[in-house]
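Asker: Dropping a structure here in structure tokens format, bear with me for questions.
The values are calculated or read from the model by the stated rules, or taken from the named source; none is laboratory data. A quick note: this is a predicted structure, and the numbers were derived from the prediction, not measured. Every residue, glycine among them, receives a Cβ derived from its backbone with ideal geometry; neighbour counts consider all protein chains shown.
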Amino acid sequence: MKEDKDSISYCLSTVSRFESGGDGSATRYEYHPESRTVVHRGFVNERRRHDDQHGASSEEDLEEHTSDNLLVCTDVRSPKVDQLLHTSRASGEPSSGVLPPQSGPLASICWWFSPTGEQYRIQARAYVISAESERGRVAGLTAEQARRLGPRGGADFQWEAERLRVYEKLSSELKASFVGENAPGSRLVADGSEKPTADLEKRLEMGDQELRAAALKHFALIVLEPVSVDLVQLKTKPHHRFSWKKTPSGDWEETELVP
């Protein structure tokens, strides 16, 4: 991934819900697939030696503090967050904002690695980690979810600290994008309410705490917990294909498939 920068992004697919009328007794919905390219922000608690806070002396030590769950970031007002929440509610757990273990996945990843000719399709449960001020709409993690999604040996791990860690690694330009008053995907109105991005970037770089707080209010993580992986290797002759599915005990079952 370090050698191929194109591999740091993948397609993340969710499902949007629209009202399609009803017969007077119940509201009917239509469900449409939605896909977008997102940037991989690493794995939960993934660190390099220069930003490690655990005193790790080797890459192996750092891996001991890293989870297998993937991270992407988003504006908490973005449509994808609502799509994730609607899907979880349709799965029968309206209070948690996340998918129950026995239900299907909330999101799907398609990740292509050009140098190796490998395509990974990953189905994952998705969890939104937002600012406390947004918890009226976006539920926080339960204690069990917080433990399960966190790093191995992470007794002192804090999800708010993880959200801040990922935020601080972003460029000033991307940080500034979270300051805007209007939600991503909303109609653009030229009324002067949106401040010039260059000005916001400069103020953030100079340590403007009011702007930083405004950006962090909207900044959220999406944690993706894989439940199945489908790998196709297209540079081998013949092609190879494998599937892994996570069992209730947390183990993975591997199956070789016809490509």
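Asker: Tell me, which residue of the range 19-40 that is farther than 17 Å from TYR120 by Cα and in contact with a helix residue (DSSP H, G or I) (Cβ under 9 Å, 6 or more places away or on another chain) is modelled with the highest pLDDT? Write out each step before concluding.
Answerer: First, the residues of the range 19-40 that are farther than 17 Å from TYR120 by Cα: 19-34.
Among the residues that remain, those that are also in contact with a helix residue (DSSP H, G or I) (Cβ under 9 Å, 6 or more places away or on another chain) are: 29, 31, 34.
Numbers: TYR29: 82, TYR31: 87, GLU34: 95.
Checked the range 19-40; the qualifying residue modelled with the highest pLDDT is GLU34.
Asker: Report yes if LEU174 is farther than 28 Å from THR142 by Cα, in contact with a Phe, Trp or Tyr (Cβ under 8 Å, 6 or more places away or on another chain) and among the aliphatic types (A, V, I, L, M), otherwise no.
Answerer: Values: farther than 28 Å from THR142 by Cα: yes; in contact with a Phe, Trp or Tyr (Cβ under 8 Å, 6 or more places away or on another chain): no; among the aliphatic types (A, V, I, L, M): yes.
When the stated conditions are applied, LEU174 does not pass them.
Asker: Output the number of residues of the range 236-253 satisfying the condition of being touching a strand residue (DSSP E or B) at 6+ places or on another chain (Cβ under 8 Å) and either closer than 14 Å to ILE122 by Cα or not in a strand (DSSP E or B) (or both).
Answerer: 9
Asker: So, of the residues in the range 165-191 that are outside any helix (DSSP H, G or I) and of a type in the set (Val, Ile, Thr), which turns out to be modelled with the highest pLDDT?
Answerer: The selected residue is VAL179.
Asker: Right, here's the next one. Which is hydroxyl-bearing (Ser, Thr, Tyr), modelled with pLDDT under 65 and touching a helix residue (DSSP H, G or I) at 6+ places or on another chain (Cβ under 9 Å), of SER16, SER58?
Answerer: Just one listed residue meets the conditions, SER58.
Asker: With respect to GLU162, is the statement that it is modelled with pLDDT of 90 or more and either over 30 Å from SER67 (Cα atoms) or not in a loop (DSSP other than H, G, I, E, B) (or both) true? I'd like the intermediate steps shown before the answer.
Answerer: Details: modelled with pLDDT of 90 or more: yes; either over 30 Å from SER67 (Cα atoms) or not in a loop (DSSP other than H, G, I, E, B) (or both): yes.
It is true that GLU162 is modelled with pLDDT of 90 or more and either over 30 Å from SER67 (Cα atoms) or not in a loop (DSSP other than H, G, I, E, B) (or both).
To keep it simple, each residue is scored yes or no on (1) in contact with a helix residue (DSSP H, G or I) (Cβ under 9 Å, 6 or more places away or on another chain); (2) more than 25 Å from VAL76 (Cα to Cα).
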| site | (1), (2) |
| --- | --- |
| ARG187 | no, no |
| GLN209 | no, no |
| VAL223 | yes, no |
| LYS235 | no, yes |
| GLU256 | no, yes |
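Asker: Let me ask another. I need the full set of residues from the range 104-130 which are at pLDDT 90 or above, under 19 Å from LEU85 (Cβ atoms) and in a loop (DSSP other than H, G, I, E, B), in order please.
Answerer: SER130
Asker: Could you grab me the full set of residues in the range 202-235 that are over 24 Å from the mean Cα position of the chain (by Cα) and at pLDDT 95 or above?
Answerer: Matches in the range 202-235: GLN233, LEU234, LYS235.
Asker: Would you be able to say whether some residue in the range 196-217 is within 30 Å of ARG125 (Cβ to Cβ) and touching a Leu at 6+ places or on another chain (Cβ under 9 Å)?
Answerer: yes
Asker: Turning to a different aspect of this structure: So, ARG163, is that one free of Cβ contacts under 8 Å to residues at least 24 places away in the same chain and either in contact with a helix residue (DSSP H, G or I) (Cβ under 7 Å, 6 or more places away or on another chain) or not polar (S, T, N, Q) (or both) or not?
Answerer: Details: free of Cβ contacts under 8 Å to residues at least 24 places away in the same chain: no; either in contact with a helix residue (DSSP H, G or I) (Cβ under 7 Å, 6 or more places away or on another chain) or not polar (S, T, N, Q) (or both): yes.
Considered against the rule, which asks whether it is free of Cβ contacts under 8 Å to residues at least 24 places away in the same chain and either in contact with a helix residue (DSSP H, G or I) (Cβ under 7 Å, 6 or more places away or on another chain) or not polar (S, T, N, Q) (or both), ARG163 comes out as no.
Asker: ALA146 passes all but one of (1) of a type in the set (Gly, Ala, Ser); (2) assigned to a loop (DSSP other than H, G, I, E, B); (3) closer than 20 Å to ALA126 by Cβ; which number fails?
Answerer: In the conditions (1) of a type in the set (Gly, Ala, Ser); (2) assigned to a loop (DSSP other than H, G, I, E, B); (3) closer than 20 Å to ALA126 by Cβ, ALA146 misses (2) alone.
Asker: Could I ask something else about it? Could you tell me which of the residues GLU168, GLU173 is surrounded by fewer than 12 Cβ atoms within 10 Å (Cβ to Cβ) and either over 30 Å from ASP251 (Cα atoms) or acidic (Asp, Glu) (or both)?
Answerer: Criteria check complete, one pass: GLU168.
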